[in-house]
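Chemist: Take this structure, written in structure tokens, and hold onto it; I'll ask about it next.
The values are calculated or read from the model by the stated rules, or taken from the named source; none is laboratory data. What you are looking at is a predicted structure, and each value in this text was computed from that prediction instead of being measured. In this analysis, Cβ positions are derived from the backbone assuming ideal geometry, glycine residues included, and neighbour counts consider all displayed protein chains.
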Amino acid sequence: TDVKLTTDGRLPRPLRVAAARAAYDQVAHVRERAARATGPEAAEALAAADRYEAVRDELLAGTGPDLTSYEGALGDLWHRYRTLSPADTGWLRDQVADPATGVQGIAFCLELLYAHGAAGEAEVRALLPRWKKELAKQYRTTYTEWRHPLVTLTCLAQDLAHPAADELLAWWAKPKPLWKDPLRLLTHLGAPDEAKAAELWEFVVSGGHDTGHLMTWVLLRARLDGTHPLLVAERLIGEPGVREYVLHRVLIGVADPAQPLWHYAVDPRSHSWWRRAQEVADDPRLPAEARAIGMKAAREHYVTRHPDQVRPPLTDGELTGARAWLAARTAGTD
């Protein structure tokens with residue numbers, strides 16, 4: 001198994017690193033199976049898990065996922081990056097700086113760095129030579145937790161007051177190519193001001209197709225007001241012109257402003273969306289109506305309805321904990 005391969009000193013280090021990454025979500029399952037078993041095989045499985053955990057962090061330090069994987073596989077790992085270790089930050093920066101990193105990889109890494117406040121001049125310098133030929137192309141982000149990399153780069157350049165910001169904004173202002181028009185207003189999150197907020201809000205209440213506009217407005221408004229985006233979002237409940245289903249998704253997606261979730265809808269397979277739904281449901285700062293939105297999302301999540309479809313797979317302990325959490329909050333309400 002990957003758990004055992006990780007600790008086999010006879011194998012080349014790259015193979016052990018690959019095994020350590022593959023086993024990351026397996027080891028808890030190994031422990032649970034061993035706890036239910038008896039005899040020498042159970043003891044050996046527990047010992048293998050101990051050996052794996054003793055070397056895992058050292059092997060995986062400064063590494064990351066295959067950025068050419070399909071977007072769903074990268075999305076399944078998003079919750080691991082809710083906080084960034086120094087090694088994570090270094091790896092993400094290295095990928096952005098690497099000319100071999102493709103559009104998807106740049107989008108993934110730059111979004112994480114930007115959201116965590118870890119992106120800077122170096123990332124702008126690395127991407128400026130590439131943006132016209134490589135980044136200024138259609139790249140669909142409907143099913144991703146990250147935005148188009150040129151949106152994120154433009155936001156970063158504006159925040160830094162980088163000289164390239166004007167050139168980037170001028171490109172967004174051009175009428176063509178047409179694919180970028182639905183994304184232009186998302187760049188307003190960079191260096192926000194009241195004029196940008198007003199233009200975004202006008203679009204939000206116009207009924208136009210939302211591709212992240214309300215999310216952007218909430219995050220922008222929170223930056224301008226110096227408040228948590230959850231408190232901005234909850235004030236929109238019942239607001240004329242704001243579509244309910246979009247607001248519900250945004251309310252949960254902004255629960256952690258250091259890692260907003262940009263997926264087009266609440267992803268019922270995702271650990272990230274499950275945890276955010278729980279946090280909204282339990283947030284004492286929010287009124288009951290807002291917390292109820294979190295509870296509704298939690299009830300409808302696959303953790304409680306189709307746990308076998310959650311990715312990465314849940315451990316028995318996680319599933320038991322999820323059911324207990326839900327039962328404690330629904331007792332006497334049904």
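Chemist: Please report, ordered by residue number, the helices (runs of 4 or more DSSP H) entirely within region 1-76 with at least 1 residues that are buried (at least 18 other Cβ atoms within 10 Å of the Cβ) and of a type in the set (Ser, Thr, Tyr).
Modeler: On the way: elements: 2-6, 13-22, 27-36, 40-60, 71-75.
Helices (runs of 4 or more DSSP H) meeting the threshold: 2-6, 40-60.
Chemist: For a quick check of your reading of the model, give me the residue pairs whose first member lies in region 9-26 and is without any contact (Cβ under 8 Å) to a residue 60 or more places away in the chain, whose second is of a type in the set (Ser, Thr, Tyr) and buried (at least 19 other Cβ atoms within 10 Å of the Cβ), with beta-carbon atoms closer than 8 Å and at least 6 apart or on different chains.
Modeler: Close Cβ pairs satisfying both conditions: Arg16/Thr6; Arg16/Thr7; Ala19/Thr6; Ala20/Thr6; Ala20/Tyr52; Ala23/Thr6; Ala23/Tyr52.
Chemist: Looking at (1) at pLDDT 95 or above; (2) part of a loop (DSSP other than H, G, I, E, B), find the lone condition where Glu202 falls short.
Modeler: (2)
Chemist: Further, regarding this structure: With among the β-branched types (Val, Ile, Thr) and either part of a helix (DSSP H, G or I) or closer than 28 Å to Gly208 by Cα (or both) as the only criterion, which of Thr152, Thr101 stands out?
Modeler: Sole residue among the options that is among the β-branched types (Val, Ile, Thr) and either part of a helix (DSSP H, G or I) or closer than 28 Å to Gly208 by Cα (or both): Thr152.
Chemist: Which members of region 107-154 meet the condition of being of a type in the set (Lys, Arg) and under 14 Å from the mean Cα position of the chain (by Cα)?
Modeler: Arg147
Chemist: Are any of the residues in region 177-192 small (Gly, Ala, Ser) and in a helix (DSSP H, G or I)?
Modeler: no
Chemist: Confirm whether Gln104 is outside the structural domain of Ala255 (by TED's automatic domain parsing), within 28 Å of Tyr302 (Cβ to Cβ), free of Cβ contacts under 8 Å to residues at least 60 places away in the same chain and of a type in the set (S, T, N, Q).
Modeler: no
Chemist: Please enumerate the residues belonging to region 207-242 that are within 23 Å of the chain's Cα centre (by Cα) and among the charged types (D, E, K, R).
Modeler: Asp210, Arg221, Arg223, Glu234
Chemist: Quick one: would you say Thr330 is farther than 30 Å from Asp193 by Cα, over 14 Å from the mean Cα position of the chain (by Cα) and β-branched (Val, Ile, Thr)?
Modeler: yes
Chemist: I'm trying to understand the selection: among the residues of region 82-94, which are in contact with a Gly (Cβ under 9 Å, 6 or more places away or on another chain) and either buried (at least 21 other Cβ atoms within 10 Å of the Cβ) or in a loop (DSSP other than H, G, I, E, B) (or both)?
Modeler: Hits for region 82-94 are Asp88, Leu92.
Chemist: From the list Leu160, Leu200, pick out the single residue that is out of contact with any strand residue (DSSP E or B) (no Cβ under 7 Å at 6 or more places or on another chain), closer than 27 Å to Ala126 by Cα and in contact (Cβ under 8 Å) with a residue 12 or more places away in the chain.
Modeler: Going through Leu160, Leu200 in turn, the sole match is Leu160.
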